1. Criterion first (over 22 Å from Tyr21 (Cα atoms) and more than 19 Å from the chain's Cα centre (by Cα)) does Ala41 satisfy it?
2. Using beta carbons and a limit of 6 Å, which pairs, at least six apart or on different chains, have the first residue in region 7-22 and more than 19 Å from Pro34 (Cβ to Cβ) and in contact (Cβ under 8 Å) with a residue 12 or more places away in the chain and the second one in a loop (DSSP other than H, G, I, E, B) and β-branched (Val, Ile, Thr)?
3. Within region 110-131, count every residue that is in a loop (DSSP other than H, G, I, E, B) and more than 17 Å from the chain's Cα centre (by Cα).
4. How many of the residues in region 71-93 are surrounded by fewer than 19 Cβ atoms within 10 Å (Cβ to Cβ), farther than 18 Å from Ala54 by Cα and over 10 Å from the mean Cα position of the chain (by Cα)?
5. Taking the residues in region 95-131 that are in contact (Cβ under 8 Å) with a residue 12 or more places away in the chain and of a type in the set (S, T, N, Q) as candidates, determine which candidate is surrounded by the fewest Cβ atoms within 10 Å (Cβ to Cβ).
6. Answer yes or no: is there a residue in region 123-132 that is touching a strand residue (DSSP E or B) at 6+ places or on another chain (Cβ under 9 Å) and among the β-branched types (Val, Ile, Thr).
7. So, in region 132-141, how many residues would count as being assigned to a loop (DSSP other than H, G, I, E, B), of a type outside the set (Lys, Arg) and free of Cβ contacts under 8 Å to residues at least 24 places away in the same chain?
8. Report yes if Ala166 is surrounded by 22 or more Cβ atoms within 10 Å (Cβ to Cβ) and either assigned to a strand (DSSP E or B) or under 19 Å from the mean Cα position of the chain (by Cα) (or both), otherwise no.
Amino acid sequence: MKAIEEVLQEVAERLKDNYPYGHPLYAGQMLKPPHEVARRAYELALHINPNNHALDGGRASSAMEKDAVAALARMIGWDTHLGHLCSGGTMANLEALWIAGQLHPGKTILASTQAHYTHQRIAGVLGLPFEAISCDRRGRMDIPALERRLASGGVGTIVATLGTTATGAVDPLAGLVAERLARLPWLAPDETGTKSTGMGLRHASVTASATRSRLLGCVMRAASGLGANGATTMPLVRRAR
């Protein structure tokens, strides 16, 4: 026990070398202590250390994952869906853009100049062309600029950012859905900045309320405090009834 105490004491001392993420002045910081319930639930799971890669790796936790995904899907009005929880936003974006590439092979991915940098990097990893669309004065994707690019053709997917990391700007989702319906690219809303702006999933639900029934897929993430090891993030695809 003494050896364990010494190791834990050393870890505690070394962890002091961090910024005070839990301080009120860091209210908008993506890093913060997880909720007490999340910490205790995580500690319980660590005694088993399940792996949700398959049902035989985590029967109970896989069932809970399905429940969580269904609850998140209901927040945007979907009762038919397909999705799973990821280790973080980068992996969720990777899966979402992989799906986009499967639906529209070789076609261009569009995102605003304020979108998270992972979209362009992931597009490069997947071998998909990527182009950035300029933003308006409020940091949102500029619809006229998007219209001009779509007129040139070759676009497969539009990434709508519902909360940029820099300013928390929300791309005009209703206008982007209208463009999708008119020109048929896949629209993938991404809640990149919800962790840093504190908007959370509820804001996306309100933003998409008039258009959510027409969305084909999205990347959803909750605030970091809801998960013991970071944000709760998932790629979610709407399935036909």
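What follows draws every value from the coordinates through simple rules; no lab data is involved. Computed from a predicted model, the values in this text were never measured in an experiment. Cβ: placed from backbone, ideal geometry, glycine included. Neighbour counts: every protein chain shown.
1. no
2. Short answer, once both residue conditions are applied: none.
3. So the answer is 4.
4. Residues in region 71-93 being surrounded by fewer than 19 Cβ atoms within 10 Å (Cβ to Cβ), farther than 18 Å from Ala54 by Cα and over 10 Å from the mean Cα position of the chain (by Cα): 7 in total.
5. Among them, the one singled out is Thr113.
6. Scanning region 123-132 turns up no residue that is touching a strand residue (DSSP E or B) at 6+ places or on another chain (Cβ under 9 Å) and among the β-branched types (Val, Ile, Thr).
7. So in region 132-141, the residues assigned to a loop (DSSP other than H, G, I, E, B) come out as 134, 136-140.
Narrowing the set further to residues that are of a type outside the set (Lys, Arg) leaves 134, 136, 139.
Of the ones still in play, those that are also free of Cβ contacts under 8 Å to residues at least 24 places away in the same chain are 134, 136.
Of the residues in that region, 2 qualify.
8. So Ala166 does not fit the description; no.
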